[in-house]
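The values are calculated or read from the model by the stated rules, or taken from the named source; none is laboratory data. Fair warning: this is a prediction, and the values are worked out from it, not measured in the lab. All Cβ positions, even for glycine, are placed from backbone atoms using ideal geometry, and neighbour counts span all protein chains on display. We work out accessible area using only protein heavy atoms, side chains counted, and drop any ligands, DNA or RNA first. Shrake-Rupley method; radii C 1.70, N 1.55, O 1.52, S 1.80 Å.
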Amino acid sequence: MGLFVWGETMSDEFFMRRAIELAERGAGAVAPNPLVGAVVVREGRVIGEGWHRRFGEAHAERNALAACTEDPAGATMYVTLEPCCHFGHQPPCVEAIIAARLRRVVIGCGDPNPKVAGGGVRRLREAGVEVTENVLADECRAQNRVFMHYITRHTPYVTLKYAMTLDGKIAAYTGSSKWITGAAAREHVQRQRALNQAIMVGRGTVQADDPQLTCRLPGAPSPLRIICDSGLNTSPEANVVRTAREVPTLFATCCNDTAKIARLEQAGCRVWQITPGADGRPDPAELMRRLAAEGIASLILEGGAELAWSLLAAGLVQRVQAYIAPLLLGGAAAKGPLGGQGFAAPAAGVRLQNLVWQRLGEDILLEADVAKEAGDVHRDN
């Protein structure tokens, strides 16, 4: 833990950047909790660091205090998110900070959780701790965009992912799609699966590709597999059914056929009956609410042009990841990434923003945020 000599304003940003770096180490392990990092500093020296390592375990602030190499009394703590002031799986972090007699706490951004939402700052100030707020606030909020959406909207943060050719096809006219993208892009997909709590596809994808829908990175857990199957017609020999006792698997359906339901449950699957939407398929809004109620904060939508259209048109997609291969397939009947009726005019479509890109082998990944928040989409089809 080194010595840094900076002006006060610069040092706040410097140490907050370190806290952001630490917070990222919890990615894929803390959901539905937020990513949080904390650094304890005395006179420009880092004397303790910590981050929230795993859901249900100690929070970043307590880990940083426990790691201190000397008495933290009178020191400053930098923490990316407002410290909690309520009892959950862990006791309130503000009480640990007060007990440690820290002089000052620098906070990246506020916690929108109604159980906190300014209460942590208020408790610290009441105890005589100096508090500085909103240091690198945009960066801290961006790091926790999944948590921020989940805690305020009560639905999972949904990323629509697809791989397509340069002429916009997700498969050949025969339905064949293996492989459009190369090894580097497919490895990146595995890392995304490790960062999300659930992965969703439609029955058509299961029927066409018979995917495993697992995370194949060493040591990484697989996300919950969700299959939208209106009539529960997925084959019992499908990989997602045969391996349901090893990998959590959920079917969302409108079907009330007790024999079909029992067959899947006997194989180890869970089955949720969801109210049919206007298209006769499981209502996506109801499904998202139920998933959020079970603690699913993030979901990657991987397969099915019709399913992708259903969630996008309902305003339930927050981010898009498009893997684009330098390949042309052609074919009027070859599918694109979105099905459905489509929007009537460009002005009615879903606008994306904050576009970024990266090269993955010979392929390109484009990522962007949906410009309008879920629930704000009102368009004429």
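Each residue in the stretch 76-96 was checked for being closer than 19 Å to M16 by Cα, more than 24 Å from the chain's Cα centre (by Cα), at pLDDT below 95 and not in a helix (DSSP H, G or I), and 0 pass. For the condition in contact with a Pro (Cβ under 9 Å, 6 or more places away or on another chain) and either buried (at least 19 other Cβ atoms within 10 Å of the Cβ) or within 23 Å of P337 (Cα to Cα) (or both), A297 qualifies. Of A75, A64, A58, all but one fail to be over 28 Å from Q197 (Cα atoms), without any contact (Cβ under 8 Å) to a residue 40 or more places away in the chain and touching a strand residue (DSSP E or B) at 6+ places or on another chain (Cβ under 9 Å); the exception is A75. Would you be able to say whether some residue in the stretch 357-369 is free of Cβ contacts under 8 Å to residues at least 60 places away in the same chain, within 19 Å of S177 (Cα to Cα) and not in a helix (DSSP H, G or I)? Scanning the stretch 357-369 turns up at least one residue that is free of Cβ contacts under 8 Å to residues at least 60 places away in the same chain, within 19 Å of S177 (Cα to Cα) and not in a helix (DSSP H, G or I).
Looking across the stretch 256-271, the residues that are out of contact with any Pro (no Cβ under 7 Å at 6 or more places or on another chain) and open to solvent by 20 Å² or more (accessible area, probe 1.4 Å) come down to N256, D257, T258, A259, K260, I261, A262, E265, Q266, G268, R270, V271. Report whether or not R191 is outside any loop (DSSP other than H, G, I, E, B), open to solvent by 30 Å² or more (accessible area, probe 1.4 Å) and either small (G, A, S) or under 20 Å from Y323 (Cα atoms) (or both). In short, yes.
Taken over the stretch 19-40, residues that are closer than 15 Å to V79 by Cα and open to solvent by less than 10 Å² (accessible area, probe 1.4 Å) amount to 8.
There is at least one residue in the stretch 277-290 that is open to solvent by 20 Å² or more (accessible area, probe 1.4 Å), touching a His at 6+ places or on another chain (Cβ under 9 Å), modelled with pLDDT of 95 or more and of a type in the set (D, E, K, R). Here G48 clears all of (1) among the small types (G, A, S); (2) out of contact with any strand residue (DSSP E or B) (no Cβ under 6 Å at 6 or more places or on another chain); (3) in a strand (DSSP E or B) except the condition numbered (2). If only residues of the stretch 261-293 that are more than 21 Å from S235 (Cβ to Cβ) and acidic (D, E) are counted, the one that is nearest to the chain's Cα centre (by Cα) is E286.
Between Y150, Y157, Y173, the distinction of being under 30 Å from M200 (Cβ atoms) and surrounded by fewer than 21 Cβ atoms within 10 Å (Cβ to Cβ) belongs to Y173 only. The set of residues in the stretch 183-199 that are closer than 16 Å to S298 by Cβ and in contact with a Leu (Cβ under 7 Å, 6 or more places away or on another chain) comprises Q190, R191, A194, N196, Q197, A198, I199. Residues in the stretch 41-82 that are open to solvent by 20 Å² or more (accessible area, probe 1.4 Å) and of a type in the set (G, A, S): G56, A58, A66, A67, A73, G74. Of the residues making up the stretch 317-335, those that are part of a loop (DSSP other than H, G, I, E, B) and either in contact with a strand residue (DSSP E or B) (Cβ under 7 Å, 6 or more places away or on another chain) or farther than 17 Å from L365 by Cα (or both) are V317, Q318, L327, L328, L329, G330, G331, A332, A333, A334, K335.
Of all residues in the stretch 112-169, those satisfying the criterion of being β-branched (V, I, T), in contact with a Lys or Arg (Cβ under 9 Å, 6 or more places away or on another chain) and over 30 Å from A325 (Cα atoms) are V129, V131, T132, T155. For the structure I just gave you, tell me whether G120 is part of a helix (DSSP H, G or I), small (G, A, S) and within 26 Å of H149 (Cα to Cα). The answer is yes for G120.
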